[in-house]
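Beneath this line is the structure, given in structure tokens, with notes to follow.
Bear in mind these aren't lab numbers, they're just calculated from the coordinates by the rules spelled out. On a predicted model such as this, the values are computed, not experimentally measured, just so you know. Note that each Cβ is placed from the backbone with ideal geometry, even for glycine, and that neighbours are counted across all protein chains shown.
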Amino acid sequence: MEKEKKILYSGMQATGTLTLGNYLGALKNWVGLCDEYECFYGVMDLHSLTVRQNPTEFRQNARKLYALYVAAGLDPEKNCVYYQSHVSAHAELGWILDCFTYMGELNRMTQFKDKAAKHADNINAGLYTYPVLMAADILLYQADVVPVGVDQKQHLEITRDIAERFNNLYGEVFTIPEPYIGKAGAKIMSLQEPTKKMSKSDENVNATIMLLDDRDTIIRKFKRAVTDSDTEVRYGEDKPGISNLMDIYACVTGKTHDEITAEFAGKGYGDFKLAVGEAVADELAPLQKRYEELIKDKAYIEHCIKENDDKARYFATKTLRKVQKKVGLTELIR
Ligand code: ATP
Ligand code: LTN
């Protein structure tokens, strides 16, 4: 690959619908990176299979995720937005890298421990080797940088370890990826239990703002957000609820915590919660409008998927062939 621009790789699982946490913590920050980087964003549908999926809903969720990527501003002409499962090199490199990953390393993964506890009836081998497939995703594109949240940092570290181990054995095959530290990567917390992260699998609907929630729902959920018995809009460890709302407000308005404290001095929490709700609803309105248009425009979406699948396949296959050759698999006879 001619490296005029550095390569950036990221993606999300195609499970459920996205939350405000996914948006402010990840997606929103990806928009615009294509000016500086050659960007690849996957709909990580193979990873979603580690949890049992209803096939019809799963297919719809994957399409929704694709449309949300585009609606949020990932222009498919400038970013390679594609489906992981459409590029078979992911699964093929995943297998090869499984053979270069130690069980001792995988045993340390905290996400595996969390998910295994959550899905005790389905602790499958895919859940265990999840980080190796993620390593394959990243290494196939020779990514220089990977924007991920704190919860995914351990997976990026194992990716680097696997890549270095492989390179030590076979020469410089893989680029060693770095985590991408963007603008203050906000961690958005639950509106009901502000010490827990906002998560799409939360059972309490009031805890989570979904990206496709309508304006009234968004405002209502913010009005019900758990705060404290004080009245001062101030950032601090002793005020997790208010601090979370301040983080959200800061992300959507660009204001600093001090500016927010000044703006709401002498006003009650009610005014502040309403302002946060309205600001979030205003921020999401254009994305939702664009999403509604896109999801109906099957021809356009399918055109984008096809073009970008082809582009991803081209780059991924190049790396896969190199790896196959290095480990001594017999070359294809053409
Ligand atoms: P689940 O609820 O199933 O654990 P999730 O909502 O955490 O899912 P993921 O698919 O694991 O979603 O994450 C996708 C991306 O969104 C990751 O980069 C992750 O760091 C980011 N992300 C998820 N939740 C938050 C949050 N509350 N705040 C900031 N970023 C988040
Ligand atoms: N595990 C990630 C999703 C993911 C990913 C990747 C992110 C799968 N493959 C490669 C970055 C690079 C998550 O956010 N849950």
Original post:
Can you pull out the residues in segment 185-202 that are without any contact (Cβ under 8 Å) to a residue 60 or more places away in the chain, within 11 Å of ligand 1 (Cβ to nearest atom) and farther than 15 Å from M246 by Cα?
Top reply: K196, D202
Original post:
Of the residues I138, I123, which is away from ligand 2 (no atom under 11 Å from the Cβ) and either in a loop (DSSP other than H, G, I, E, B) or buried (at least 17 other Cβ atoms within 10 Å of the Cβ) (or both)?
Top reply: I123
Original post:
For the subset of segment 231-240 comprising residues that are of a type in the set (D, E, K, R) and surrounded by 12 or more Cβ atoms within 10 Å (Cβ to Cβ), which member is nearest to I188 (Cα to Cα)?
Top reply: K239
**OP:** For segment 245-334, please list each of the helices (runs of 4 or more DSSP H) lying entirely inside it that holds at least 1 residues being touching a Leu at 6+ places or on another chain (Cβ under 8 Å) and not small (G, A, S).
**Re:** 269-296, 298-327
Subject >> Unique residue being in a loop (DSSP other than H, G, I, E, B), out of contact with any Asp or Glu (no Cβ under 7 Å at 6 or more places or on another chain) and surrounded by fewer than 23 Cβ atoms within 10 Å (Cβ to Cβ) when the list is K78, K64, K115, K28 >> reply: K78
Original post:
Looking at this structure, is I295 of a type outside the set (K, R) and either under 20 Å from E38 (Cβ atoms) or without any contact (Cβ under 8 Å) to a residue 24 or more places away in the chain (or both)?
Top reply: no
Original post:
Limited to segment 264-277, what total is found for residues that are without any contact (Cβ under 8 Å) to a residue 12 or more places away in the chain and more than 18 Å from K221 (Cα to Cα)?
Top reply: 1
